[in-house]
1. So which of G26, G8, G38, G20 is touching a Pro at 6+ places or on another chain (Cβ under 8 Å) and either free of Cβ contacts under 8 Å to residues at least 12 places away in the same chain or of a type outside the set (A, V, I, L, M) (or both)?
2. Would you mention how many residues in the range 268-299 are polar (S, T, N, Q) and over 26 Å from G38 (Cβ atoms)?
3. Criterion first (basic (K, R), in a helix (DSSP H, G or I) and at pLDDT 95 or above) does K23 satisfy it?
4. Restricting attention to the range 214-236, does a residue exist that is free of Cβ contacts under 8 Å to residues at least 24 places away in the same chain and of a type in the set (D, E)?
5. Which numbered condition in (1) of a type in the set (A, V, I, L, M, F, W, C); (2) over 30 Å from A141 (Cβ atoms); (3) under 18 Å from the mean Cα position of the chain (by Cα) is the only one that I50 fails?
6. Looking at (1) in contact (Cβ under 8 Å) with a residue 24 or more places away in the chain; (2) over 20 Å from N177 (Cα atoms); (3) small (G, A, S); (4) part of a helix (DSSP H, G or I), which one does A250 not meet, given that it meets all the others?
7. Anything in the range 106-121 that is outside any helix (DSSP H, G or I) and closer than 15 Å to S64 by Cα? List them, or say none.
8. Residue under question is G69, and the condition is that it be at pLDDT 95 or above, within 24 Å of S267 (Cα to Cα) and either touching a strand residue (DSSP E or B) at 6+ places or on another chain (Cβ under 9 Å) or not β-branched (V, I, T) (or both); does it hold?
Amino acid sequence: MAQKIKIGKSNVTTTPLGLGTNKVGGHNLFDGLKDEDGVAVIKAALNDGISLLDTAFMYGLGKSEEIIGNVTQDYDRSKFVIATKAAQDPNNNLKPNNDPKFLKRAVDDALERLQTDYIDIFYIHFPDDQTPKAEAVQALADEKKAGKIKAIGVSNFSLDQIKEANAAEQVDIVEDNYSLVHREAEKAEFPYLKEHQISFVPYFPLASGLLTGKYTPADGNKFQQFSAKQYATIMNALEQVKEIAVAHQATIAQTILAWYIKDPDISVVIPGARLADQVHSNAKALTVQLSDAEFNQIDQLFKSF
C-alpha cells in the first residue's frame with residue numbers, strides 16, 4: 001500500500017489519496033444523487049485502502065456526515081481518517097461564521113452526525129468578514145486540547161488570512177482550489193506552507209472532469225473560464241498525458257492523480273466520486289509510479305496555467 005503522509009505538525013497520518021464526498025449526500029449541490037450510491041462509495045474507498053474521507057456540513061447540510069457516520073460503524077476507526085468542515089451558519093442563511101462559540105458547537109454537532117468521539121482534521125470551511133482568524137483557530141486549538149479533533153485546518157483562506165490564522169503556529173493543513181489548470185496556489189501559498197510545516201490539499205484536482213480526458217476539442221463552450229487558446233492548450237497537453245498513461249496501462253485521470261501524489265508540495269489529493277466504480281478507478285492511481293522525467297513533462301505541459 002502507499003506511503004503514509006503526516007498532516008502538518010499533528011500526529012495524523014493518511015494515504016496520499018483520499019476521497020472527496022460532496023457527492024455523498026450532497027443533495028443541495030448535485031441533482032439525482034442516491035444515498036445508496038453514497039454508501040457504496042464510502043465502502044469502496046475504505047475497502048480499497050483509501051484512508052481519508054473528506055466531508056463537510058455543507059455537503060447535504062449534514063447528510064454526508066451522517067452517511068459516513070453510519071457506514072464507518074462497521075470499520076476499525078483507527079484505520080481511517082475523517083476530515084470535515086464547518087462555517088456556514090444554518091441560523092443565518094448559511095453565511096460563513098468563524099465565531100469561536102459557533103465553531104465549537106459545529107465540532108460537537110459533527111461528532112454526533114459522524115458517530116465518533118474524535119475528528120482527525122477539522123477545517124474552517126470559509127472565512128467570515130468579522131472574526132479575527134487567530135481567535136477562530138484558537139477555538140479549534142481548545143477542541144484539539146480536549147481531544148475532540150486532532151488537526152486544525154482552514155479552507156478557502158487567502159495567504160494573508162492563512163498567516164493571521166497561523167499566528168500561533170497552530171494550523172496543520174490548508175485546503176484550496178488547485179489543479180494543473182488552476183495553479184495560483186503554487187506562488188501564492190506553497191512557499192509559506194512549506195516554511196511553516198503546513199500540509200496542502202487541493203480540491204477540484206480534476207478540474208470538474210476536464211482533466212479526465214472525457215472532453216473533446218469541441219467541448220470548449222462547457223469551460224467558459226478558459227479562452228479558446230487555453231482550452232486548445234489543455235486538449236493538446238492531455239493528448240501527451242494519454243501517451244504517458246498508456247505506457248503505465250493507466251487512464252488519463254489516474255495519471256493526473258499520480259502526478260499530484262508525486263508532488264512533494266501536495267499532501268493528499270481528494271477526487272470526488274458519485275459511484276463506487278469511480279472510486280475503484282481512482283484508487284489505481286496509487287499504483288502508477290511516474291518517473292521524474294514524466295512528472296516534469298506533465299508539469300511543463302500545464303506550466304502556462
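The values are calculated or read from the model by the stated rules, or taken from the named source; none is laboratory data. Fair warning: this is a prediction, and the values are worked out from it, not measured in the lab. So basically every Cβ, Gly included, is an ideal-geometry build from the backbone, and we count neighbours across all protein chains shown.
1. Values: G26 fails: touching a Pro at 6+ places or on another chain (Cβ under 8 Å); G8 fails: touching a Pro at 6+ places or on another chain (Cβ under 8 Å); G38 fails: touching a Pro at 6+ places or on another chain (Cβ under 8 Å).
Matching residue, one of G26, G8, G38, G20: G20.
2. Of the range 268-299, the ones polar (S, T, N, Q) are 278, 281-282, 287, 289, 291, 296-297.
If we keep only those that are over 26 Å from G38 (Cβ atoms) as well, we get 289, 291, 296-297.
Number satisfying all stated conditions: 4.
3. No: the conditions fail for K23.
4. Yes: the range 214-236 contains one or more residues that are free of Cβ contacts under 8 Å to residues at least 24 places away in the same chain and of a type in the set (D, E).
5. Of everything listed in (1) of a type in the set (A, V, I, L, M, F, W, C); (2) over 30 Å from A141 (Cβ atoms); (3) under 18 Å from the mean Cα position of the chain (by Cα), I50 misses just condition (2).
6. The number of the failed condition is (4).
7. Within the range 106-121, the subset outside any helix (DSSP H, G or I) is 115-121.
Passing the criteria: Q115, T116, I119.
8. Working: at pLDDT 95 or above: yes; within 24 Å of S267 (Cα to Cα): no; either touching a strand residue (DSSP E or B) at 6+ places or on another chain (Cβ under 9 Å) or not β-branched (V, I, T) (or both): yes.
Criteria not met by G69.
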